[in-house]
Amino acid sequence: MSEFDEHLSDAEWVENANRERAETHREELVRYVQHEYPLVEIVTTGGCCDACAALNGKRMSPAKALKAMPIPHAGCTHEYGCRCWWRHVDDQDEPPVTPEEMTQTIEYARAAFFLAQETKAKRKRRLVWFVVLLGIAVVIAAVLL
């Protein structure tokens, strides 16, 4: 949500978030149809509501999912709205992802993102120090020559 959504009530905020998620899911499913994936699966994260937990692992063709649009789940009671998402499945025998595995994957991705940001900041500080030291060296060289 943007800074302009601050005036919304919690219920309005969740409704807007679910509307945006529905559009994102629709675009994602269209890509899955275009790439001719045989199946898609609904994946939930840890801490989801009971309505969404019941959907975890449900598989269908991308075309059927596009028609049915079961997520975002209309009966979701999570305070931030439905956080279910789609993943494509290449092999029908592939086991479904559990909410715990999904939560762990999200935590790893989040940690990797923050590590990358920290690394960028360290490189930037190193570059600043290098430029400062180079400037000092130039000044010293100018004074000595």
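Return yes when residue 12 is free of Cβ contacts under 8 Å to residues at least 12 places away in the same chain, out of contact with any strand residue (DSSP E or B) (no Cβ under 8 Å at 6 or more places or on another chain) and either in a loop (DSSP other than H, G, I, E, B) or in the same structural domain as residue 93 (by TED's automatic domain parsing) (or both) and no when it is not.
So residue 12 passes the test.
Among the residues of region 43-68 satisfying the criterion of being of a type in the set (S, T, N, Q) and buried (at least 16 other Cβ atoms within 10 Å of the Cβ), which is farthest from residue 93 (Cα to Cα)?
So the residue we want is 45.
Among the listed residues 63, 22, 17, 74, which satisfies the condition of being farther than 22 Å from residue 101 by Cβ, among the hydrophobic types (A, V, I, L, M, F, W, C) and part of a loop (DSSP other than H, G, I, E, B)?
Step by step, each of 63, 22, 17, 74 is checked, and only 74 is farther than 22 Å from residue 101 by Cβ, among the hydrophobic types (A, V, I, L, M, F, W, C) and part of a loop (DSSP other than H, G, I, E, B).
Can you tell me which residues in region 77-92 are of a type in the set (Ser, Thr, Tyr) and outside any loop (DSSP other than H, G, I, E, B)?
If the condition is that a residue be of a type in the set (Ser, Thr, Tyr) and outside any loop (DSSP other than H, G, I, E, B), then no residue fits.
The values are calculated or read from the model by the stated rules, or taken from the named source; none is laboratory data. Just so you know, these numbers come straight off a predicted model, no measurement behind them. Quick reminder, even Gly has a Cβ in these numbers, built from the backbone with ideal geometry, and neighbours come from all protein chains shown.
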